[in-house]
């Protein structure tokens, strides 16, 4: 656990944890510093050297039929560099989570979508599609049990691109 850098916050956390340990020994209080802005995407834009280097479809899934909104219970699918074609069900929406950026730094991401679609390292950046082949998200984290993806509308809006 990374200790707060603010002395007042660090002292409050320490005192709060001493009190909590007296009542509920298995619990712990952590203070989180919020900033004015929120991370809602982890994405980038690249321009190909030549347009003919880019196919207009997703490998193993075909052409993308526009965009859609993800929803809990929706079946989603992606073709990833490492895990290939996998599918799963959206299990949660509007999720906020902490992502390790390096050994001592974390980033908080909000308004994320979680599914049980398998992703492996190297699958980040895969387009998440619904059964109608509409783009609903962009993969940025996960494991062999779940995936986390940015809502595609947030990605397009923040990067100022169209589909």
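From (1) in contact with a strand residue (DSSP E or B) (Cβ under 9 Å, 6 or more places away or on another chain); (2) not assigned by TED's automatic domain parsing to the domain that holds residue 132, pick out the condition that doesn't hold for residue 46.
(1)
When the range 127-163 is examined, which residues are found to be in contact with a strand residue (DSSP E or B) (Cβ under 7 Å, 6 or more places away or on another chain) and in a loop (DSSP other than H, G, I, E, B)?
Within the range 127-163, 131, 133, 134, 146, 163 meet the criteria.
Return a yes/no flag: does the range 48-57 have any residue that is within 21 Å of residue 119 (Cα to Cα) and surrounded by 11 or more Cβ atoms within 10 Å (Cβ to Cβ).
yes
Tell me which residues, restricted to the range 127-147, are crowded, with 23+ Cβ neighbours inside 10 Å and without any contact (Cβ under 8 Å) to a residue 60 or more places away in the chain.
The answer is 128, 142.
Are any of the residues in the range 39-57 within 17 Å of the chain's Cα centre (by Cα), at negative phi and part of a strand (DSSP E or B)?
Within the range 39-57, one or more residues are within 17 Å of the chain's Cα centre (by Cα), at negative phi and part of a strand (DSSP E or B).
Residue-wise test of (1) assigned to a loop (DSSP other than H, G, I, E, B); (2) assigned by TED's automatic domain parsing to the domain that holds residue 147; (3) surrounded by 20 or more Cβ atoms within 10 Å (Cβ to Cβ).
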| site | (1), (2), (3) |
| --- | --- |
| 71 | yes, yes, no |
| 76 | no, yes, yes |
| 82 | yes, yes, no |
| 93 | no, yes, no |
| 96 | no, yes, no |
| 100 | no, yes, no |
| 111 | no, yes, no |
| 121 | yes, yes, no |
| 125 | yes, yes, no |
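What's the number of the only condition in (1) touching a strand residue (DSSP E or B) at 6+ places or on another chain (Cβ under 9 Å); (2) touching a residue at least 40 places away in the same chain (Cβ under 8 Å) that residue 56 fails to meet?
(2)
The values are calculated or read from the model by the stated rules, or taken from the named source; none is laboratory data. A quick note: this is a predicted structure, and the numbers were derived from the prediction, not measured. Backbone-built Cβ (ideal geometry, glycine too); neighbour counts: all protein chains shown.
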